[in-house]
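Read through the structure below, which is laid out as structure tokens, and then see the notes.
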């Protein structure tokens, strides 16, 4: 949950910055020092969708990722039910299979269409339409009345045994069959042979998740967001918040009540590009720093004078905790 009270005006909330886990900031000493000098706040959720849920809410409390992202990309989600069907790489092993990549497979339009062509009839038999919203973001348009069991988001399943994350029970049977049929169909697809020859992982599965309908009411406590993640941008646009693609120039518009998502930026770029761009702001405005490992702190302008606080190397930090 957000540490800022829901009724706090947006213009009184700090600019919030999402960063990688502290352990990944070894090449970003300025950021590590800022975290050490800041005031500690209650921990943030470690799961990405849980952090988003702290800022975005609908009437039913759900996060219908598929409908939101489809509408952001094409504006046609309407009143129907949708499900994300992101291209994925699944690696078999001795104990089953594991999800190793999802949704960022570097597909181009031609590759995506070639992979989708034999899959469309599989879904059509169940009355489902496979829609390629972008080469790396696919969606299923679902018929009315089709059971939609819970699906785990890819961040929960990544690297784990897939069996533990497939929909279970009678409601999940149709989806388990489709999941297997998709893998069989893609296993020997010519596109995957060409990808392997170029040193790229195969697209041998689809990960189904984020089902639901476009919410009639969707709100946020944010005034605007800067980022590259499709889910974040789709949620913000639906809530009426300002949406800006992630580049340094966009900081000129950001202020209190905004969110800057840097959690997937390499540490050396955080240090060489984003730290200098934010230094002037640090002298006049409080920043709330939220790391992917859940650490959260409030950095105020006068905290730069806390010379007695030094960045603690990760190795020493880990050793002290054992």
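The values are calculated or read from the model by the stated rules, or taken from the named source; none is laboratory data. Given the structure is predicted, the values throughout are model-derived calculations rather than measurements. A quick note on method: Cβ atoms are made from the backbone with ideal geometry, for glycine too, and the neighbour counts reach across all protein chains shown.
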>> Condition (residue is in contact (Cβ under 8 Å) with a residue 60 or more places away in the chain and either within 18 Å of residue 62 (Cα to Cα) or assigned to a loop (DSSP other than H, G, I, E, B) (or both)) applied to segment 162-182: is it met by at least one residue?
In response: no
> Looking only at segment 112-130, which residues are in contact with a strand residue (DSSP E or B) (Cβ under 9 Å, 6 or more places away or on another chain) and outside any loop (DSSP other than H, G, I, E, B)?
Replying inline: 112, 113, 115, 116, 120, 122, 123, 124, 129, 130
> Looking at segment 116-132, is at least one residue at pLDDT 95 or above and within 15 Å of the chain's Cα centre (by Cα)?
Replying inline: no
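Yes/no matrix, rows are residues, columns are (1) surrounded by fewer than 16 Cβ atoms within 10 Å (Cβ to Cβ); (2) at pLDDT 95 or above:
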position: 198; (1), (2): yes, no
position: 203; (1), (2): no, yes
position: 222; (1), (2): no, yes
position: 235; (1), (2): no, yes
position: 240; (1), (2): yes, yes
>> Among the numbered criteria (1) in the same structural domain as residue 132 (by TED's automatic domain parsing); (2) surrounded by fewer than 22 Cβ atoms within 10 Å (Cβ to Cβ), which one does residue 272 miss?
In response: (1)
>> Against the definition (in contact with a helix residue (DSSP H, G or I) (Cβ under 8 Å, 6 or more places away or on another chain) and either assigned to a loop (DSSP other than H, G, I, E, B) or farther than 28 Å from residue 17 by Cα (or both)), how does residue 144 come out, yes or no?
In response: no
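Condition check ((1) within 20 Å of the chain's Cα centre (by Cα); (2) farther than 25 Å from residue 70 by Cα) across all residues:
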| residue | (1), (2) |
| --- | --- |
| 160 | yes, yes |
| 169 | no, yes |
| 172 | no, no |
| 182 | no, no |
> If only one of 222, 251 is in contact (Cβ under 8 Å) with a residue 24 or more places away in the chain and either outside any loop (DSSP other than H, G, I, E, B) or out of contact with any strand residue (DSSP E or B) (no Cβ under 7 Å at 6 or more places or on another chain) (or both), which one is it?
Replying inline: 251
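Here's the yes/no breakdown for (1) in a helix (DSSP H, G or I); (2) in contact with a helix residue (DSSP H, G or I) (Cβ under 8 Å, 6 or more places away or on another chain); (3) surrounded by fewer than 22 Cβ atoms within 10 Å (Cβ to Cβ):
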position	(1), (2), (3)
16	no, no, no
33	yes, no, yes
36	yes, no, yes
45	no, yes, yes
68	yes, yes, no
